[in-house]
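Structure, as structure tokens:
Read-outs: derived from the displayed coordinates by stated rules, not from any lab. Because the structure is predicted, anything quoted here is derived from the model rather than measured. Reconstructed Cβ throughout: ideal geometry from the backbone, glycine too, with neighbour counts over all protein chains shown.
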Amino acid sequence: MVDRDDAENDLTRLRDAIDRVDEVLVRLLNQRAKYAVEIGELKGHLGLPIYAPDREKQVLQHVEATSAGPLETAAMRRLFERIIDETRRVEREASSHQ
Amino acid sequence: MVIVMEKHSTESNIEHVVAELTTRGFDVHRSTGSEHTVLGVVGHVDTIDPREFELMEGVQEVVRISEPYKLSSRTFRREKTVVKARGVEIGGHDVVVMAGPCTIENEHQLFETARRVAKAGARVLRGGAYKPRTSPYAFQGMGVEGLKLLRAAGDQFNLATVSEVMEISQIEGMLPYVDILQVGARNMQNFNLLSALGQIRKPILLKRGMSATIQEWLLASEYIMSGGNYEVILCERGIRTFETYTRNTLDISAIPVIDKLSHLPIIADPSHAVGRRDKVMPLARAIVAAGADGLLIEVHHDPEKAVCDGPQSLYPDQFTRLMDELRIIVPAVGRRL
């Protein structure tokens, strides 16, 4: 039996750890978005379409290959689909400001 | 808008749809499922004809999330609209009963009926001056002379007035005499009439067409509201079903449905729905219990001699009894009569 107080302490500790990971994730996502802004500006400059299905496929394959679990490949793909959705929007806005 | 791709749609099918949406400036939220891929479309999707995408290869269905009606929707306005007609508030805390004869026949008939319904607690006097009759040989109504009587009876017994407008040319002549203009079921999709009513500043009582869906009904109200007239009262009056025993089937469920979808007041007319006096009272009780903001009921001081719709008109005594019953039901649903 795990002591109830110990378990509650563990829960607090793990939740704090998740908060710290989230802070890093947010920073990284924003860094990713900054690159997207630059890409959007370049695409606007070059007249390239925002939607690049082959590149999106590459990104997803790269992410899936990099992931070692425990998140399943499909779960990782779903998460990155949302990241890509938002990135596309960021790129579109950046390109239209050109 | 959501686009659901077919089970065996290929990656290039999906890419084609995403590319088309992106080119048109929409944001796409892709969700790859184990069987179906779903694409959420974000942006001003009103401009999209869903059929265009339904026809694309690999698309199973296109589902609109946002409703096509805007001004009448709860999304546009959360709090309920209260329509005011000569001091009577429809859509507020009080359940408002509108009663009177189907057709204005003569002074005695109208004043006698008005006196009785006012005494029983009705707040609005109804009476037709222009009648849409199934047969062109039937009595067509008293016209402006009838409206003058309606105004006089309303003034004498402190009742607001409601009467049906049949065509655009009648609108102006009705304004001095009528506090609420009624659009009948047969005219619910007479879009020219509805647009013209959008230009005036008087409450409109919009009856549901006998074959109209709730969406078509709300879109009809949109024609009035988009002209700037926001004072619209919706009135359920029965829809065509396979049942022949009653004239129409009163769609009680429309009352809570409208209340959820729209901020407009919703009332119901049991008289036209059922077409028989003996069934009017139970339906009226059900309408109020279902949460309607009011009732529109036909009452005639002498139904046997009525020129029109006598069999569905209540005797004044029956109306008084109904009002007594409603006074018991109304507080149970948190309202006042």
*asked:* Given the options B:A138, B:L295, B:A153, identify the residue whose Cα lies farthest towards the positive end of the charge dipole of chain B (+1 on Cβ of Lys, Arg; -1 on Cβ of Asp, Glu).
replied: B:A153
*With θ set to phi - 60°, apply the Karplus curve 6.51 cos²θ - 1.76 cosθ + 1.60 along segment B:288-294 and write out the HN-Hα couplings as whole Hz, x wherever there is a Gly or Pro.*
5, 5, 6, x, 5, 7, x
*On average over all directions, what projected area in square nanometres does segment B:130-195 have, based on the convex hull of its Cα atoms?*
4.8 nm²
*Projected area, mean over directions - segment B:40-125, Cα convex hull, nm²*: 10.4 nm²
*If you plug each phi of segment B:113-126 into the Karplus form 6.51 cos²θ - 1.76 cosθ + 1.60 with θ = phi - 60°, what whole-Hz ³J(HN,Hα) values come out, in order, with x for Gly and Pro?*
5, 4, 4, 5, 6, 5, 5, 7, x, 5, 10, 10, 9, 9
*Going down the table (B:K7/B:K70; B:K70/B:K260; B:K207/B:K305; A:K34/A:K57; B:K80/B:K148; B:K119/B:K207), which pairs top 23 Å between alpha carbons?*
B:K7/B:K70; B:K207/B:K305; B:K80/B:K148; B:K119/B:K207
*What residue among A:Y51, A:L14, A:A68 has its Cα farthest toward the positive end of the dipole of chain A, where the charges are +1 on Lys, Arg and -1 on Asp, Glu, each on the Cβ?*
A:Y51
*asked:* If you average the alpha carbon positions of segment B:136-163 and of segment B:183-239, how far apart do those two centres end up, in angstrom?
replied: 21 Å
*For segment B:24-134, size of Cβ-based charge dipole, Lys and Arg +1, Asp and Glu -1, in debye*: 920 debye
*Kindly identify segment A:13-92 as rounded, prolate or oblate by the Cα gyration tensor criterion: order the square roots of the eigenvalues as a ≥ b ≥ c, call it rounded if a/c is under 1.5, otherwise compare a/b with b/c, prolate if a/b is larger, else oblate.*
oblate
_About the Cα centre, charge dipole magnitude for the protein assembly as shown (Lys/Arg +1, Asp/Glu -1 at Cβ), debye_ = 1640 debye
*asked:* Over the Cα atoms, compute the radius of gyration (one decimal) and Dmax (the largest Cα-Cα distance, rounded to a whole number) for segment B:166-227, in Å.
replied: 10.9, 33
*Taking the radius of gyration and the Kirkwood hydrodynamic radius from Cα positions alone, what is the Rg/Rh ratio for the protein assembly as shown, to two decimal places?*
1.17
*chain A - percent relative contact order, Cα under 8 Å, separation 6 or more*: 42 percent
*So, in Å, what gap is there between the alpha-carbon centers of segment B:92-120 and segment A:3-20?*
72 Å
*Whole-Hz Karplus ³J(HN,Hα) for segment B:19-26, in order, using 6.51 cos²θ - 1.76 cosθ + 1.60 and θ = phi - 60°, x for Gly and Pro?*
4, 4, 5, 5, 4, 7, x, 9
*In square nanometres and to one decimal, what's the mean projected area of the convex hull around the Cα atoms of segment B:1-156?*
15.9 nm²
*How far is helix B:316-332 tilted off the main Cα axis of chain B, in degrees rounded to 10, range 0 to 90?*
40 degrees
*Amide H contacts under 5 Å for B:L295, placed H, 5+ residues apart*: B:V96, B:V97, B:M98, B:A268
*Using alpha carbon centroids, what distance separates segment B:313-337 and segment A:67-98, in Å?*
61 Å
